[in-house]
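Q: The structure's right below; bear with me while I get my questions together.
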Amino acid sequence: MTTSIRRLAAAAAIATGLAGSASAANIVEIAAGDDRFSTLVAAVTAAGLAETLSGPGPFTVYAPVNDAFAALPEGTVESLLEPGNIDQLTSILLYHVDDRKLTASDFPAGSNFFKPVLESERLCITAGSGVTIADGTGDVANVIIADIEADNGVIHVIDKVLLPGTRPDCH
């Protein structure tokens, strides 16, 4: 992890710790307290979304682990964190957020479209023996940990960064 990502993650962890110490943990506080999400927290902070995702919600966040960000082409994360690319970073992050609280049991069996906060996009979530999420590239993320409860929603841990693009095949 680059030094700039580490600094952003540390700043976010301090800020969220100071902001929410008197209440139950919100989505950002949970992510900031878990080393597996340091890249996600750095990205959310850089995009200016930490305050929003610390708000009342409800939110469902499909949270990629650090290894998911590391699997992107070399230099992608660093490029997205540059000030000139914040709009693109914000779009990618909002593609990981639903403005409802959706637990794993809320996903109907089979494949169904879900609309993330990123208005023009769709995800195809397939529930069966597990839960998978197809993104705009046609690639699929696996939900590796479901239903981490927060006071403002729920986190589903995924093994891939979801990328907008064309509407995924959902049949």
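The values are calculated or read from the model by the stated rules, or taken from the named source; none is laboratory data. Everything numeric in this text was worked out from a predicted model, so none of it was measured. Reconstructed Cβ throughout: ideal geometry from the backbone, glycine too, with neighbour counts over all protein chains shown.
Q: Residue check: is GLY138 within 20 Å of PHE37 (Cα to Cα) and modelled with pLDDT under 95?
A: Against the criterion (within 20 Å of PHE37 (Cα to Cα) and modelled with pLDDT under 95), GLY138 does not qualify.
Q: Let me ask something else. Filter the range 149-171 down to the residues that are surrounded by 16 or more Cβ atoms within 10 Å (Cβ to Cβ) and outside any loop (DSSP other than H, G, I, E, B) and list them by number.
A: Answer for the range 149-171, where residues must be surrounded by 16 or more Cβ atoms within 10 Å (Cβ to Cβ) and outside any loop (DSSP other than H, G, I, E, B): ALA150, GLY153, VAL154, ILE155, HIS156, VAL157, ILE158.
Q: Cβ-Cβ under 6 Å, sequence separation 6+ or interchain: first residue in the range 153-167 and within 14 Å of PRO73 (Cα to Cα), partner surrounded by fewer than 24 Cβ atoms within 10 Å (Cβ to Cβ) and of a type in the set (Val, Ile, Thr). Which pairs?
A: So the pair list comes out as LEU163/THR137.
Q: Follow-up. In this structure, is PRO164 modelled with pLDDT of 95 or more and either within 22 Å of ASP35 (Cβ to Cβ) or touching a helix residue (DSSP H, G or I) at 6+ places or on another chain (Cβ under 9 Å) (or both)?
A: No; evaluated as a whole, the condition is false for this residue.
Q: Based on what the data block shows, is ALA141 out of contact with any Cys (no Cβ under 9 Å at 6 or more places or on another chain) and touching a residue at least 12 places away in the same chain (Cβ under 8 Å)?
A: Answer is yes for this residue.
Q: Filter the range 105-117 down to the residues that are in a loop (DSSP other than H, G, I, E, B), touching a residue at least 24 places away in the same chain (Cβ under 8 Å) and surrounded by fewer than 14 Cβ atoms within 10 Å (Cβ to Cβ) and list them by number.
A: none
Q: Considering only the range 118-134, I want to know if a residue exists there that is surrounded by fewer than 20 Cβ atoms within 10 Å (Cβ to Cβ), at pLDDT 95 or above and either under 14 Å from the mean Cα position of the chain (by Cα) or within 18 Å of SER38 (Cα to Cα) (or both).
A: No; the residues of the range 118-134 include none that is surrounded by fewer than 20 Cβ atoms within 10 Å (Cβ to Cβ), at pLDDT 95 or above and either under 14 Å from the mean Cα position of the chain (by Cα) or within 18 Å of SER38 (Cα to Cα) (or both).
Q: OK, next. List the number of the failed condition for SER129; all other conditions in (1) without any contact (Cβ under 8 Å) to a residue 40 or more places away in the chain; (2) hydroxyl-bearing (Ser, Thr, Tyr); (3) within 17 Å of ASN26 (Cβ to Cβ) hold.
A: It fails just one condition, (3).
Q: Given ALA146, ALA134, ALA109, which one is among the hydrophobic types (A, V, I, L, M, F, W, C) and in contact with a helix residue (DSSP H, G or I) (Cβ under 9 Å, 6 or more places away or on another chain)?
A: Only one candidate qualifies: ALA146.
Q: Quick one: in the range 45-87, of everything that is closer than 25 Å to THR132 by Cβ, of a type outside the set (Gly, Ala, Ser) and part of a helix (DSSP H, G or I), which residue is farthest from the chain's Cα centre (by Cα)?
A: Checked the range 45-87; the qualifying residue farthest from the chain's Cα centre (by Cα) is THR76.
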